[in-house]
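Asker: Okay, here's the structure, questions in a sec.
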């Protein structure tokens, strides 16, 4: 049973990495992994290596749980992975997560937090769309890849050439050409 310490800071401008390392040493960790990197991005190779070495009965000591990840979805993923392995999580800010009752409460709380985060994202998206719709020239959906002039030119070429020839000449995919021709045919009926 090994006690691992994991320290992560986005930047070490205030020496916070050294503070976290000292706290891990105070907790008598057998091994300490310290990184200077963002917690928003996917985990580093060093972190993945640590995760693969952790086994049942080991303890992972963290300054705070958000050292695993700042993204709530990744955080939940890593916590669940550790629980499944039988690893005890000791977060210095919230305590030890080692029994089923504590784990259950923590996972339920994390699920609630994730639900709230999803709701906030949806609300922010709606608000962003509402604001964007007020701007002149707003068009909903993905921007058009081809201009009406490019499509018109391609349709004229289709009068004398095959789909493959027009696609090669105009760099408009065959499926887009077929879809555009069908759309125009339906509009004229």
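Asker: Looking at segment 41-56, can you tell me whether even one residue there is at positive phi and not in a strand (DSSP E or B)? Lay out the reasoning, then the answer.
Answerer: Residues of segment 41-56 that are at positive phi, as a first pass: none.
For segment 41-56, residues at positive phi and not in a strand (DSSP E or B): absent.
Asker: Just to be sure before I move on: is residue 184 without any contact (Cβ under 8 Å) to a residue 24 or more places away in the chain and either exposed (fewer than 14 other Cβ atoms within 10 Å of the Cβ) or over 30 Å from residue 64 (Cβ atoms) (or both) in the structure I sent?
Answerer: On the way: without any contact (Cβ under 8 Å) to a residue 24 or more places away in the chain: no; either exposed (fewer than 14 other Cβ atoms within 10 Å of the Cβ) or over 30 Å from residue 64 (Cβ atoms) (or both): yes.
Criteria not met by residue 184.
Asker: Specify the residue that is nearest to residue 93 (Cα to Cα); the eligible residues are those in segment 39-58 that are surrounded by fewer than 15 Cβ atoms within 10 Å (Cβ to Cβ) and more than 23 Å from the chain's Cα centre (by Cα). Break it down stepwise before answering.
Answerer: Going through segment 39-58, the residues surrounded by fewer than 15 Cβ atoms within 10 Å (Cβ to Cβ) turn out to be 40-42, 44-46, 48-49, 52-53, 55-57.
Next cut, more than 23 Å from the chain's Cα centre (by Cα) only: 53, 55-57.
Details: 53: 24, 55: 23, 56: 23, 57: 21 Å.
Among them, the one singled out is 57.
Asker: Taking segment 138-171 as the region of interest, how many residues are within 38 Å of the chain's Cα centre (by Cα) and farther than 30 Å from residue 125 by Cα?
Answerer: If we filter segment 138-171 for residues that are within 38 Å of the chain's Cα centre (by Cα), which is where we start, we get 138-148, 150-151, 167-168, 170-171.
Remaining after also requiring farther than 30 Å from residue 125 by Cα: 150-151, 167-168, 170-171.
The qualifying residues number 6.
Asker: Moving on. Is at least one residue of segment 24-38 under 18 Å from residue 74 (Cα atoms), touching a helix residue (DSSP H, G or I) at 6+ places or on another chain (Cβ under 9 Å), buried (at least 16 other Cβ atoms within 10 Å of the Cβ) and modelled with pLDDT under 90?
Answerer: yes
Asker: Does residue 61 count as modelled with pLDDT of 85 or more, touching a strand residue (DSSP E or B) at 6+ places or on another chain (Cβ under 8 Å) and over 19 Å from residue 90 (Cα atoms)? Even if it seems obvious, please write down each step before you answer.
Answerer: Numbers: modelled with pLDDT of 85 or more: yes; touching a strand residue (DSSP E or B) at 6+ places or on another chain (Cβ under 8 Å): yes; over 19 Å from residue 90 (Cα atoms): no.
Here the answer is no, as residue 61 does not meet what is asked.
Asker: Let me ask something additional. Could you go through segment 87-99 and let me know if any residue there is more than 26 Å from residue 36 (Cα to Cα) and surrounded by 13 or more Cβ atoms within 10 Å (Cβ to Cβ).
Answerer: Taking segment 87-99 first, the residues more than 26 Å from residue 36 (Cα to Cα) are 98-99.
Filter once more, keeping what is surrounded by 13 or more Cβ atoms within 10 Å (Cβ to Cβ): 98.
Within segment 87-99, one or more residues are more than 26 Å from residue 36 (Cα to Cα) and surrounded by 13 or more Cβ atoms within 10 Å (Cβ to Cβ).
The values are calculated or read from the model by the stated rules, or taken from the named source; none is laboratory data. A quick note: this is a predicted structure, and the numbers were derived from the prediction, not measured. Glycine also receives a Cβ, built like all others from the backbone with ideal geometry; neighbour counts cover every protein chain displayed.
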